[in-house]
Amino acid sequence: MKLMSVEAARAAMLAEAVALPAETIPLGQAVGRVLAEDVAAVRDQPPFTNSAMDGWAVRAADAPGSLKIVGESAAGHGYEGQVQPGEAVRIFTGAALPSGADSVVIQENAAREGDLVAVPACKTGDNIRDAGKDFRVGDVLLRRGTRIDPWRLSLAASAGRAEVAVHRRPRVAILSTGEEIVEAPAAPGPFQIYDSGSPALKVMVEAWGGQATRLSGVRDQLEAVIEAMRGADADLIVTVGGASVGDHDLVRAAAQALGLSLRVESVAVRPGKPTFFGVLADGRRLLGLPGNPASAFVCAELFLKPLIAAYNGTTAEPVLATARLTGPLAANGPREHWMRARLGHGEGSVLVTPYLDQDSSLVGVFATADALLRRQAGAAALSAGDVVEVLPLARAGAPS
């Protein structure tokens, strides 16, 4: 099979992933979704000059001095008169600055005695927030392609938005194949194992912005695999297992029966060489992942995550950091290697320790790893302290 580099394979896949159409949803449901429109301000924020502190609204020209208290300005209930020479208005944080006042004296610096308040010297503009300080009408606050988080949701709400247009989330169908796979709580036979790949991939897809459906596992029978693929209501079908070319690896044959046009035949990556990608005759995309969990999870990070982002109208190609090795590494072979590893800190540097056993079937290793260490194809041997590239995994205890 023709091997493609990781970068070339990802580019070929992304060339087939077009942002999905927009749908309008309530703002409160938009966290995690990607904007399909710009969000612009329809008014200044704040819409009026207001106080940054609790205190007294005064004319700076009258301070220091003893001023007559003529009213109060609170949030939502401003003082409607005009501050005249020798006057002060009690004011609270966020309340509108009364007309005629140009400064706020904080309450700790003033002393009230009945209808009078003694204030110290102050300057024009003290403790005041100008109208439009945050943003002004017409300002674009959030750009199309921005993923909404709670803080950005707050910004859209402050602009008066109750709804936003977002890209429809991609529908991803996950199909696990293999006679050896059984799902808990069913009792496995003497030659069977529990399915640990597709449950995790479903959660990954949903965390990355997709709508995931797990299809029932199918037996190693060509017609059964064909029917499972044919019935998948999805933008992207992700198969787990059966991606190679052995006698019991039927995924490619089933996809070919549905008019598969290959874009990626296999990838020069370890683990995950059998990974493939193509387009079925009806336009649905198909990503074939290997059955071993580590292989499937590594390739999900490298390929599935960027694909889901592209469907959502944004990008999520792996962002690498650097770290120093805690021990030596042998020279790498002809395929790019993504090693499960642990991050740490020492002497002002991020440290990385790859696991000694990189067998792609070991779920226990991946469960404790918080990074993937990238080795380029043909990379030379390295010593402790050498700098390497790492991909931190977004999981509990690890940076995203």
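One residue alone among 249, 282 is at pLDDT below 95, of a type in the set (D, E, K, R) and surrounded by fewer than 21 Cβ atoms within 10 Å (Cβ to Cβ), and that residue is 249. Per this entry, residue 181 is counted among residues that are more than 26 Å from residue 41 (Cα to Cα), open to solvent by 20 Å² or more (accessible area, probe 1.4 Å) and either at pLDDT below 90 or more than 18 Å from the chain's Cα centre (by Cα) (or both).
Residues in the range 18-71 that are more than 23 Å from residue 159 (Cβ to Cβ), among the aliphatic types (A, V, I, L, M) and either in contact with a Cys (Cβ under 6 Å, 6 or more places away or on another chain) or in a strand (DSSP E or B) (or both): 7 in all. Of the set (1) closer than 14 Å to residue 167 by Cα; (2) under 19 Å from the mean Cα position of the chain (by Cα), all apply to residue 21 but (2). If the condition is being part of a loop (DSSP other than H, G, I, E, B) and open to solvent by less than 20 Å² (accessible area, probe 1.4 Å), then the range 95-113 contributes 95, 98, 101. Restricted to the range 263-374, the set of helices (runs of 4 or more DSSP H) holding at least 3 residues that are within 23 Å of the chain's Cα centre (by Cα) and farther than 15 Å from residue 392 by Cα comprises 293-299, 305-311.
Tell me yes or no: at least one residue of the range 10-25 is without any contact (Cβ under 8 Å) to a residue 12 or more places away in the chain, aliphatic (A, V, I, L, M) and under 22 Å from residue 210 (Cα atoms). Looking for residues that are without any contact (Cβ under 8 Å) to a residue 12 or more places away in the chain, aliphatic (A, V, I, L, M) and under 22 Å from residue 210 (Cα atoms), one finds at least one in the range 10-25, hence yes.
Filtering the range 343-363 to residues that are in contact with a helix residue (DSSP H, G or I) (Cβ under 7 Å, 6 or more places away or on another chain) and surrounded by 17 or more Cβ atoms within 10 Å (Cβ to Cβ) leaves 355, 360. Could you check, for the range 290-303, whether at least one of its residues is farther than 15 Å from residue 369 by Cβ and small (Gly, Ala, Ser)? Yes; the residues of the range 290-303 include at least one that is farther than 15 Å from residue 369 by Cβ and small (Gly, Ala, Ser). Could you tell me whether residue 331 is without any contact (Cβ under 8 Å) to a residue 60 or more places away in the chain, of a type in the set (A, V, I, L, M) and either out of contact with any helix residue (DSSP H, G or I) (no Cβ under 9 Å at 6 or more places or on another chain) or open to solvent by less than 20 Å² (accessible area, probe 1.4 Å) (or both)? Judged against the criteria, residue 331 is a match.
I'd like to know if the range 374-386 contains one or more residues that are crowded, with 17+ Cβ neighbours inside 10 Å and free of Cβ contacts under 8 Å to residues at least 24 places away in the same chain. Checking the range 374-386: not a single residue is crowded, with 17+ Cβ neighbours inside 10 Å and free of Cβ contacts under 8 Å to residues at least 24 places away in the same chain.
Within the range 284-313, the set of residues being under 22 Å from residue 166 (Cα atoms) and out of contact with any Ser or Thr (no Cβ under 8 Å at 6 or more places or on another chain) comprises 284, 285, 304, 305, 307, 308, 310, 311, 312, 313. Could you check, for the range 76-94, whether at least one of its residues is polar (S, T, N, Q), in a loop (DSSP other than H, G, I, E, B) and touching a residue at least 40 places away in the same chain (Cβ under 8 Å)? Within the range 76-94, one or more residues are polar (S, T, N, Q), in a loop (DSSP other than H, G, I, E, B) and touching a residue at least 40 places away in the same chain (Cβ under 8 Å). For the range 26-45, the set of residues classified as open to solvent by 20 Å² or more (accessible area, probe 1.4 Å) and in contact (Cβ under 8 Å) with a residue 24 or more places away in the chain consists of 26, 28, 31, 32, 33, 37, 38, 40, 42, 43, 44, 45, listed by residue number. Residues that are open to solvent by 80 Å² or more (accessible area, probe 1.4 Å) and part of a loop (DSSP other than H, G, I, E, B) within the range 114-168 comprise 115, 123, 124, 130, 133, 134, 136, 137, 143, 144, listed in sequence order. Take the conditions (1) more than 19 Å from residue 305 (Cβ to Cβ); (2) touching a residue at least 40 places away in the same chain (Cβ under 8 Å); residue 252 misses just one of them, which is (2).
Condition test on residue 324, is it open to solvent by less than 60 Å² (accessible area, probe 1.4 Å), of a type outside the set (A, V, I, L, M, F, W, C) and modelled with pLDDT of 95 or more? No.
Contact map, the range 46-69: residues that are within 16 Å of residue 117 (Cβ to Cβ) paired with residues that are of a type in the set (Phe, Trp, Tyr) and at pLDDT 95 or above, Cβ distance under 6 Å, separation 6+ or inter-chain. Pairs shown: 54/92.
The values are calculated or read from the model by the stated rules, or taken from the named source; none is laboratory data. It should be emphasised that the depicted structure is a prediction, and the values quoted were computed from it without experimental measurement. Quick reminder, even Gly has a Cβ in these numbers, built from the backbone with ideal geometry, and neighbours come from all protein chains shown. These area figures cover heavy atoms from the full protein model, side chains too; ligands, DNA and RNA do not enter into them. Shrake-Rupley method; radii C 1.70, N 1.55, O 1.52, S 1.80 Å.
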